[in-house]
1. Mind listing whichever residues of region 129-139 are in a loop (DSSP other than H, G, I, E, B) and open to solvent by less than 50 Å² (accessible area, probe 1.4 Å)?
2. Check Thr191 against each of (1) touching a strand residue (DSSP E or B) at 6+ places or on another chain (Cβ under 9 Å); (2) in contact (Cβ under 8 Å) with a residue 60 or more places away in the chain and name the one condition it does not meet.
3. Please verify whether Thr58 is touching a helix residue (DSSP H, G or I) at 6+ places or on another chain (Cβ under 9 Å), hydroxyl-bearing (Ser, Thr, Tyr) and modelled with pLDDT under 80, treating the condition exactly as stated.
4. If I ask for residues that are of a type in the set (S, T, N, Q) and more than 12 Å from the chain's Cα centre (by Cα), which ones from region 2-52 would you list?
5. Would you say Asp55 is of a type outside the set (S, T, N, Q), under 20 Å from the mean Cα position of the chain (by Cα) and open to solvent by 70 Å² or more (accessible area, probe 1.4 Å)?
6. Check Ala147, Ala115, Ala111 and return the single one that is more than 24 Å from Thr187 (Cβ to Cβ) and modelled with pLDDT of 95 or more.
7. Which residue is most open to solvent (accessible area, probe 1.4 Å), if the candidates are limited to region 152-162 and must be closer than 18 Å to Leu131 by Cβ and assigned to a helix (DSSP H, G or I)?
8. At pLDDT below 95, in contact with a helix residue (DSSP H, G or I) (Cβ under 7 Å, 6 or more places away or on another chain) and within 18 Å of Glu90 (Cβ to Cβ): which single residue out of Arg176, Arg182 fits that description?
Amino acid sequence: MNISFHTGKTAMIEQAKALNVYGNNIANINTYGYQTVRPSFADCLYSTQRATEEDWQTGHGAYVQKTDVMFDESSFYYTERPLDFALAGEGFFAVEDRYGDVNYTRDGAFAMTQAETGEWYLVSGSGEYVLDYDNNRIVVPFDADGAAPDYQALSDMIGVFTFDNVYGIEAAATNRYAANARSGAATADSTAEKLQGVLITSNVSLADQMVKLIETQRAYQISSRVVTTSDEFSRLANNLR
């Protein structure tokens, strides 16, 4: 009975973690460039209940083994804004934060900011510098009379990067992803197609996430019932005379 109590407790904790993942997906359904995250469960260790019966094993519940970023196909939202960019295929834009760290994003809702020197730089929505193919900050080019940005030249300058194992990339905040040992280093891809005046929407399927949310809620409720029933059994056994 103690095993069932702890198994139910473990399941409740892990289902709550999954609930957090699905809730975060739903919360980001309108976040440009957001990629759905999926929790993956695994069963816990098994123990042999009796030395004389080696085939009688009891499991100890489940846990969230890892979360996977799902790079399924997204839709395009046409904004006609010249500083909005989307990638037609796989790939990421590179951005540099205030600490000098380079991260990657699918969100191409860019803006311009002016430095103290008077130059205009291309930045992300959160103010990070957008980088070119050589990982340099992009100084926005202007037309011959300096009256307006040269948006076509700007589009050509924006770097696009790919990974050997995109599913190993690490999710971070503000629509960013970080390279790691699993994903491999980012590689510049000058052949990637960039769409201007377009943003890529999140690939969250509300119907799928609602189904998963309900399944997780039911699993949590049933696991809670296991804990309650195990506690009742223990109480009855302790009250036996």
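1. Here is the first cut: in region 129-139, the ones in a loop (DSSP other than H, G, I, E, B) are 133-136, 138.
The one that is in a loop (DSSP other than H, G, I, E, B) and open to solvent by less than 50 Å² (accessible area, probe 1.4 Å): Ile138.
2. All conditions pass for Thr191, except number (2).
3. Working: touching a helix residue (DSSP H, G or I) at 6+ places or on another chain (Cβ under 9 Å): yes; hydroxyl-bearing (Ser, Thr, Tyr): yes; modelled with pLDDT under 80: yes.
When the stated conditions are applied, Thr58 passes them.
4. Passing the criteria: Asn2, Ser4, Thr7, Thr10, Gln15, Asn20, Asn30, Ser40, Ser47, Thr48, Gln49, Thr52.
5. no
6. Result of the check over Ala147, Ala115, Ala111: Ala111.
7. Asp156
8. Numbers: Arg176 fails: in contact with a helix residue (DSSP H, G or I) (Cβ under 7 Å, 6 or more places away or on another chain).
Answer to the selection: Arg182.
The values are calculated or read from the model by the stated rules, or taken from the named source; none is laboratory data. Predicted model, so just to flag it, every value in this text is computed and none were measured. Glycine gets a Cβ as well: all are built from the backbone with ideal geometry, and neighbour counts include every protein chain shown. Remember, those area values only see protein heavy atoms, side chains included, never the ligands or the DNA or RNA. Shrake-Rupley method; radii C 1.70, N 1.55, O 1.52, S 1.80 Å.
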